[in-house]
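Only the coordinates and a few stated rules stand behind these numbers; no lab work does. Since the model is a prediction, treat every value here as computed from it, not as a measurement. Neighbour counts run over all protein chains shown; Cβ positions are idealised from the backbone, glycine included.
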Amino acid sequence: MNQPRETIYAALFALVSAATGFKTTSRRYKPWSEYSADQQPVLSQVQRRETPVQKTGVPASWKLDVDLVVYVNSTGNPDTIASSLLNPILDAVTSLFDPVGGVNPQTLGGLVHVARISGTIETDEGVLGDQAFAIIPVEIIVY
């Protein structure tokens, strides 16, 4: 890996943290029950796994998998749908990884080959209460 892992993970966190109006950001995961409604929206970054991709005669490339976890809370307002708070955040975060026309992929400032959303974004729109969340899977390819 050409870049230190910490540099890559820190760059991803800095990029996503600045995407929209998060009140709380952390690279340490906590369940939503540990955040009050006024501390939300929350962004947490979770390192999930690292997989080497090895080919004979060339240095290994790496696939780093990260979850971006977002919490929002509608604070008991019966006129507010929690997903209406979550959707603009999803738009802001996903736009960071979706270059127009597939040109200029997200490279975290040239640190990696590509960082992109990979897989299904899991959501709960707060069906059973005021709390909603999303888990955004990000894949980072490093040569």
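Brief remarks follow.
- Helix 5-17 axis versus longest C-alpha principal axis of the chain: approximately 40°, rounded to the nearest ten.
- Kirkwood hydrodynamic radius of the stretch 75-143, Cα pairs, Å: 13.7
- Normalising the Debye intensity of the chain to I(0), with uniform scatterers on Cα atoms only, and taking log10 at q = 0.19 Å⁻¹ returns -1.09.
- For 70, 127, order by how many other beta-carbon atoms lie within 10 Å, fewest first: 127, 70
- Over the chain, dividing the summed -39,500 (n - 2.57) contributions of all DSSP H runs of at least 4 residues by the number of residues returns a 222 nm mean residue ellipticity of -6000 deg cm²/dmol.
- Legend: ranking of residues 85, 68 from fewest to most surrounding C-beta atoms inside 10 Å; resulting order 85, 68.
- DSSP beta bridge pairing in the stretch 1-67, given as percent antiparallel to the nearest 5: 75
- Taking label positions 7 Å along the Cα-Cβ direction at both residue 38 and residue 14, the computed distance is 3.2 nm, reported to one decimal.
- If the segment from residue 47 to residue 61 were pulled out straight at 0.36 nm per residue, it would be longer than the present Cα-Cα gap by 3.3 nm.
- Rounded to 5, the percent of DSSP beta bridges in the stretch 5-142 classed as antiparallel: 90
- Degrees, to the nearest 10: 82-95 long Cα axis against longest axis of the chain: 20
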